[in-house]
Protein chains: 2
Amino acid sequence: VTEFELIARFFANQPDGPDSPGDKVISAAGLQKDQDVQLGIGDDCALLRLDNFCSLAVSVDSQVEGKHFPVHYAPGLVASRSMGAAVSDLAAMGATPVGCLLALTLPKADAAWLAVFSAEVHRLSKRWQIPLIGGDTTAGPLQVSITVLGKVDSTRVLRRSGARVGDDIWVSGFLGEASAALRYLDAETKGQLPDAVLQNAYCKQLLQRYHHPEPRLELGSWLLGKASAAVDVSDGLVADLGHLCNSSAVGARLVVDSLPVSASLDALLCREDALHQILYGGDDYELCFTAGAEYRQQIADSGFVLHRIGEITAGRDISLLLNGIIQQPAHTGFDHFRKG
Amino acid sequence: VTEFELIARFFANQPDGPDSPGDKVISAAGLQKDQDVQLGIGDDCALLRLDNFCSLAVSVDSQVEGKHFPVHYAPGLVASRSMGAAVSDLAAMGATPVGCLLALTLPKADAAWLAVFSAEVHRLSKRWQIPLIGGDTTAGPLQVSITVLGKVDSTRVLRRSGARVGDDIWVSGFLGEASAALRYLDAETKGQLPDAVLQNAYCKQLLQRYHHPEPRLELGSWLLGKASAAVDVSDGLVADLGHLCNSSAVGARLVVDSLPVSASLDALLCREDALHQILYGGDDYELCFTAGAEYRQQIADSGFVLHRIGEITAGRDISLLLNGIIQQPAHTGFDHFRKG
């Protein structure tokens with residue numbers, strides 16, 4: 001049983017609710033008509049309709065020590081990764097941040113740890129204009145759960161479910177860098193990374209990508225009304241594109257030669273390793289989105305770093321076009337329970 | 001350093017934000033005028049202003065195995081305690097539930113555990129009309145964080161900060177039962193509770209109160225426009241009334257003889273023990289609220305089980321009137337870090 005199967009099996013199938021994850025609009029009991037719930041289980045955020053023009057996007061993201069970040073990871077980096085991952089879910093919907101809540105569990109009331117952690121939370125809260133409006137602090141194994149709230153145009157909100165056969169598939173920035181950093185991370189956390197590696201600009205870039213996820217908020221907003229579907233790449237390109245395809249009931253073909261390879265990956269990894277990180281590595285928090293061919297020029301001219309990497313297909317599979325041969329992906333991506 | 005000092009020190013003092021917890025209204029950067037944040041750190045919920053008439057109340061509540069519930073606690077009871085505690089924060093503001101998000105961390109993907117847990121989540125979600133709209137499931141030490149969203153009349157929302165000198169202090173139902181259950185809990189969880197105790201209706205009542213918190217949603221709604229301040233009793237009467245007094249910059253005098261003693265506490269505990277549970281025991285999730293004397297008759301005639309237990313005073317202390325003598329409380333209540 002994978003994590004996604006777990007969620008789908010037990011939590012998405014609500015009695016008297018929709019029988020599959022997706023974007024079906026239901027009228028929740030006791031709500032006024034202008035505050036209908038657009039159920040979001042299975043998407044990056046849940047949506048509450050505030051009025052005819054505006055929805056509230058809500059999402060929660062948990063980061064557990066030893067699973068999502070290393071044991072003895074610096075408190076500022078715990079904050080940076082947790083905030084970045086949570087806010088990225090707003091970017092994936094094209095939502096503008098409104099506020100966040102922090103549920104923090106930590107083994108002991110360590111003032112030095114908390115000073116650094118909270119300073120970074122406040123810094124990012126200001127940077128992304130997402131005020132910290134509430135929270136809960138408890139004793140226990142280190143874990144951070146962040147709930148993010150945003151607002152978004154009800155009619156243009158980016159969902160996973162809107163991709164159509166023939167749409168272009170795009171990705172922002174460069175993938176694979178954060179997961180490629182994992183080979184240096186353990187040594188870095190223990191202070192055992194050799195100086196030669198620490199000074200290497202390419203290695204620094206990989207670690208930077210792992211430590212400081214940058215939610216693509218501006219891009220998400222810009223894509224409203226242009227992208228037909230979107231998802232943030234947290235579990236890996238193939239895995240998250242798979243979620244988008246499942247929600248949209250379509251397939252996808254990725255053109256491997258069109259996948260962007262960053263200078264750092266190109267310098268440090270052989271091509272086969274680099275492609276593996278790009279296809280299957282998580283934690284990049286770039287946006288993967290689909291759009292009709294009529295938007296191709298506008299997207300290319302947008303000023304954002306965006307690459308067209310494939311096409312939405314009929315059927316339900318993701319395939320890779322490599323050296324003129326169509327292949328199936330090696331696996332479908334990160335699973336917290338399987339790899340835990 | 002206590003939990004509340006921690007939160008106050010690091011998270012309530014946001015740079016460029018208000019310098020103390022409370023209900024100050026700030027205009028958060030980037031928000032439209034109709035969606036101002038009414039900062040709620042230090043209250044039961046945060047408030048986002050949706051329009052001139054309606055605010056969104058948001059709160060997160062974490063429950064950690066071995067801290068908030070016993071190790072090997074039954075999955076349905078984990079769900080019941082977590083949901084009840086979280087939804088109680090909406091009741092304390094007088095808010096009507098809109099939706100909830102579930103961040104679940106569990107050691108392994110145990111289908112039998114999840115089936116029972118999720119069934120109870122769905123049952124309570126339906127009972128309290130709070131649809132499950134999102135979540136995150138990860139591998140790690142067992143912990144449940146629930147984010148609740150509700151809506152409430154902006155102008156009449158119940159806060160901790162509105163109590164005035166001379167207001168009556170009221171409490172709903174009976175306090176001390178949930179904490180009195182702790183003496184049976186360990187044996188019950190291990191299946192070692194003697195039959196004579198298991199069959200005892202008073203013991204059953206105490207355990208029921210611990211296992212199945214009942215948020216006072218109807219009472220909270222009814223109190224809108226009547227109560228001057230409110231808080232739910234999760235940490236203990238003296239502790240939570242202390243938070244209310246801090247937020248309102250007032251003191252309180254509790255008349256110990258007017259504290260309601262339930263039939264179960266009266267049957268099982270000596271009077272001194274019973275009063276100790278009532279004053280300092282947590283986990284009851286009753287509402288403690290203040291109201292002007294002009295509402296006294298209306299509240300007494302409301303049909304809710306409500307007891308008038310004291311009066312708001314000038315100064316900042318909580319005192320107890322017992323046998324004609326004014327005393328100071330023995331301590332101020334539960335602290336997750338101190339007792340953890």
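The values are calculated or read from the model by the stated rules, or taken from the named source; none is laboratory data. Quick caveat, the model's predicted, so the values are computed rather than measured. Heads up, the Cβs are rebuilt from the backbone with ideal geometry, glycines too, and the neighbour counts pull from every protein chain shown. In case anyone asks, the SASA skips ligands and DNA or RNA and just uses the protein heavy atoms, side chains included. Shrake-Rupley method; radii C 1.70, N 1.55, O 1.52, S 1.80 Å.
Some values worked out for this structure:
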read-out: Residue tally, condition surrounded by 13 or more Cβ atoms within 10 Å (Cβ to Cβ) and either of a type in the set (Val, Ile, Thr) or not in a helix (DSSP H, G or I) (or both), over the stretch A:251-272; value: 11
read-out: Any hit, the stretch A:266-281, residues being under 15 Å from the mean Cα position of the chain (by Cα) and closer than 26 Å to A:Ala95 by Cβ; value: yes
read-out: Condition met for B:Ala163 (crowded, with 24+ Cβ neighbours inside 10 Å and in contact with a Phe, Trp or Tyr (Cβ under 6 Å, 6 or more places away or on another chain)); value: no
read-out: Test result for B:Thr147, open to solvent by 20 Å² or more (accessible area, probe 1.4 Å) and either closer than 16 Å to B:Ala230 by Cα or in contact (Cβ under 8 Å) with a residue 60 or more places away in the chain (or both); value: no
read-out: Within the stretch A:73-95, considering residues that are outside any helix (DSSP H, G or I) and surrounded by fewer than 24 Cβ atoms within 10 Å (Cβ to Cβ), the one farthest from the other protein chains (Cβ to nearest Cβ); value: A:Ala74
read-out: Leading residue by the ranking (nearest to B:Leu268 (Cα to Cα)) among those in the stretch B:192-219 that are among the basic types (Lys, Arg) and surrounded by 18 or more Cβ atoms within 10 Å (Cβ to Cβ); value: B:Arg209
read-out: Enumerated strands (runs of 3 or more DSSP E) restricted to the stretch B:98-210, each holding at least 2 residues that are within 12 Å of chain A (Cβ to nearest Cβ); value: B:132-139, B:143-153
read-out: Filtered residue count, the stretch B:98-124, keeping only those that are farther than 27 Å from A:Pro141 by Cα, open to solvent by less than 10 Å² (accessible area, probe 1.4 Å) and of a type outside the set (A, V, I, L, M); value: 1
read-out: Restricting the stretch A:44-72 to residues that are open to solvent by 20 Å² or more (accessible area, probe 1.4 Å) and not in a loop (DSSP other than H, G, I, E, B), the residue that is farthest from the other protein chains (Cβ to nearest Cβ); value: A:Arg49
read-out: Residue under evaluation A:Trp222, criteria (1) farther than 27 Å from A:Arg271 by Cα; (2) part of a loop (DSSP other than H, G, I, E, B), criterion not met; value: (2)
read-out: Number of positions in the stretch A:247-297 that are within 30 Å of A:Val197 (Cα to Cα) and polar (S, T, N, Q); value: 4
read-out: Among (1) within 23 Å of A:Leu224 (Cα to Cα); (2) in contact with a helix residue (DSSP H, G or I) (Cβ under 6 Å, 6 or more places away or on another chain); (3) open to solvent by less than 30 Å² (accessible area, probe 1.4 Å), the one test that A:Leu279 misses; value: (1)
read-out: Filter result for the condition that a residue is under 20 Å from the mean Cα position of the chain (by Cα) and of a type in the set (A, V, I, L, M, F, W, C), over A:Leu142, A:Leu106, A:Leu132, A:Leu124; value: A:Leu124
read-out: Positions within the stretch B:282-306 being crowded, with 16+ Cβ neighbours inside 10 Å and farther than 22 Å from B:Asp44 by Cα, in sequence order; value: B:Tyr295, B:Ile299
